[in-house]
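The values are calculated or read from the model by the stated rules, or taken from the named source; none is laboratory data. Remember, it's a predicted structure, so these values are computed and weren't measured experimentally. In this analysis, Cβ positions are derived from the backbone assuming ideal geometry, glycine residues included, and neighbour counts consider all displayed protein chains. The accessibility values were calculated without ligands, DNA or RNA, using every heavy atom of the protein model including side chains. Shrake-Rupley method; radii C 1.70, N 1.55, O 1.52, S 1.80 Å.
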Amino acid sequence: MAESDTILQLGIEAAREGNREEARNLFGLLTRQDPGNVQAWLWLAGVADGPDQRRAALERVVELDPTNEMAVKGLQAMGVKPTTKLADADASAPTIAAPVSSASVPPPPPAREMTDEERYAAELD
């Protein structure tokens, strides 16, 4: 796992320095070695060589982690409705709408500090 962490860090450094091709190569290598590495897929999306590669990387993140907000928002920004087996299963289940009053809506969660990955992704958009 240490090798994966090293490759990830080298890719992040390359991306931050603006060397997108090197970063893309490193993240591509890492996603082949460790296909379940969500961070590698997210960063690969951030340095993708075009919208098709970006979409594929984000869709892979959603497959691995259906609740990953960055990937879901990234796909939505591209005009793509994220699909997952979980979401597809839920879509087929009948739903019953309950009346919503303002008293039953919980307050929004407190703001949190963005991670480096989130800041980098936001800069790309």
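All conditions in (1) at pLDDT below 95; (2) open to solvent by less than 90 Å² (accessible area, probe 1.4 Å) hold for residue 39, with the sole exception of (1). Looking only at the range 25-36, residues that are open to solvent by 20 Å² or more (accessible area, probe 1.4 Å) and farther than 26 Å from residue 81 by Cβ come to 6 in all.
Residue 51 fulfils the conditions (1) touching a helix residue (DSSP H, G or I) at 6+ places or on another chain (Cβ under 8 Å); (2) open to solvent by 50 Å² or more (accessible area, probe 1.4 Å); (3) within 20 Å of residue 70 (Cβ to Cβ) except for a single criterion, (1).
The C-beta contact set for the range 22-41 (first residue closer than 9 Å to residue 11 by Cβ, second residue among the charged types (D, E, K, R) and surrounded by fewer than 16 Cβ atoms within 10 Å (Cβ to Cβ), distance under 7 angstrom, 6+ apart or interchain) comprises 24/49.
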